[in-house]
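See below for the structure under consideration.
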Amino acid sequence: MLDRFSLKGKVAFITGGSYGIGFAIAEAYAAAGARIVFNDIKQELVDRGLTAYEEAGIEARGYLCDVTDEAAVHSTVAKIEQEVGVIDILVNNAGIIKRIPMLEMSAAEFRQVIDVDLNAPFIVAKAVLPSMIRKGHGKIINLCSMMSELGRETVSAYAAAKGGLKMLTRNICSEFGSQNIQCNGIGPGYIETPQTAPLRVDGHPFNSFIISKTPAGRWGTTDDLTGPAVFLASEASNFVNGHILYVDGGILAYIGKQPS
Ligand code: NAP
Ligand code: GCO
């Protein structure tokens with residue numbers, strides 16, 4: 001049974017994988033036997049990632065690529081296929097968030113978030129699918145969010161993008177499931193990464209708010225995501241498709257701590 005969770009011999013491409021959730025997922029994939037490829041938007045991030053992977057004993061290949069740039073994505077995927085091999089597992093991890101009240105957010109800022117968090121997963125999936133189809137199998141995992149299901153003040157663009165990413169996940173399932181492509185989402189709860197650092201500063205009211213909304217009574221860590229990520233990348237999930245696996249400590253099931 002454990003062999004079904006092995007990623008031995010697979011090539012895994014994690015976008016924005018220099019640190020944070022993407023890096024943690026890549027570490028877990030390497031431990032499960034996969035060869036790791038990642039990209040990032042800045043060379044210093046690629047270099048930082050390469051150092052971090054080397055320090056973790058992982059032989060990773062890093063590429064400089066802005067996932068919103070379709071031409072750059074296609075040339076990067078072609079380079080990966082030539083230098084490493086056909087991509088078996090794609091993790092659409094790269095993402096940004098802008099926390100701005102809607103009436104103060106410009107259309108350009110809204111579009112920028114949609115571009116990275118929704119258009120880019122479409123672009124990268126479209127670039128890797130042809131070889132996956134030719135190979136007869138493929139796994140695409142999209143990093144969704146609590147905001148794929150819930151709204152909150154100041155994250156209109158991010159919620160719109162992550163809600164769309166949930167439906168893009170279901171559509172890739174619908175369009176390519178017959179060709180043995182499984183496309184699922186991971187919906188992390190509130191995880192301790194640089195992206196949420198502003199919400200976790202000591203004494204920040206959001207910190208205690210999230211803890212009161214989470215049955216587990218704590219912020220998640222990137223480690224909490226690695227088992228679910230390996231499952232969705234492995235043969236153990238070959239009949240799981242179009243599913244968003246929420247890894248949220250119970251947030252979506254919980255109205256919030258009742259007044260004592
Ligand atoms: P993060 O710390 O902000 O890391 C995201 C990575 O993606 C960074 O390396 C970032 O580079 C890179 N990136 C951004 N735009 C890019 C682009 N255009 N091209 C290539 N790389 C780009 O985020 P995280 O917290 O690890 O989250 C990873 C994913 O999980 C995101 O999609 C996020 O929305 C999602 N998520 C996070 C949480 C959470 O609580 N942390 C919860 C649910 C979902 P820069 O450093 O230059 O921005
Ligand atoms: C926010 C947070 C969240 C998390 C995550 C929750 O500002 O509300 O950044 O959006 O990043 O998406 O699942």
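What the table shows:
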{"quantity": "Segment 37-63, residues that are under 25 Å from Asn119 (Cβ atoms) and either among the aliphatic types (A, V, I, L, M) or touching a residue at least 24 places away in the same chain (Cβ under 8 Å) (or both)", "calculated": "Val37, Phe38, Asn39, Asp40, Ile41, Leu45, Val46, Gly49, Arg61, Gly62, Tyr63"}
{"quantity": "Any hit, segment 86-108, residues being aliphatic (A, V, I, L, M) and in contact with a His (Cβ under 6 Å, 6 or more places away or on another chain)", "calculated": "no"}
{"quantity": "From Ile87, Ile123, Ile141, Ile97, residue being in contact with a helix residue (DSSP H, G or I) (Cβ under 6 Å, 6 or more places away or on another chain), within 14 Å of ligand 1 (Cβ to nearest atom), in a loop (DSSP other than H, G, I, E, B) and open to solvent by less than 50 Å² (accessible area, probe 1.4 Å)", "calculated": "Ile97"}
{"quantity": "Yes/no for Asp66 being open to solvent by 10 Å² or more (accessible area, probe 1.4 Å) and within 22 Å of Asp117 (Cα to Cα)", "calculated": "yes"}
{"quantity": "Residue match in segment 184-205 (condition: under 17 Å from the mean Cα position of the chain (by Cα), within 20 Å of Leu90 (Cβ to Cβ) and assigned to a helix (DSSP H, G or I))", "calculated": "no"}
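Table: residues versus (1) in contact (Cβ under 8 Å) with a residue 40 or more places away in the chain; (2) within 15 Å of ligand 2 (Cβ to nearest atom).
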{"position": "Leu165", "(1), (2)": "yes, yes"}
{"position": "Arg170", "(1), (2)": "yes, no"}
{"position": "Phe176", "(1), (2)": "yes, no"}
{"position": "Cys183", "(1), (2)": "yes, no"}
{"position": "Tyr190", "(1), (2)": "yes, yes"}
{"position": "Pro205", "(1), (2)": "no, yes"}
{"position": "Ile211", "(1), (2)": "no, yes"}
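The values are calculated or read from the model by the stated rules, or taken from the named source; none is laboratory data. Just so you know, these numbers come straight off a predicted model, no measurement behind them. Neighbour counts are summed over all protein chains in view; Cβ atoms, including those assigned to glycine, are modelled from backbone coordinates with ideal geometry. To get the accessible areas, we keep the full protein, side chains included, count just its heavy atoms, and leave off ligands, DNA and RNA. Shrake-Rupley method; radii C 1.70, N 1.55, O 1.52, S 1.80 Å.
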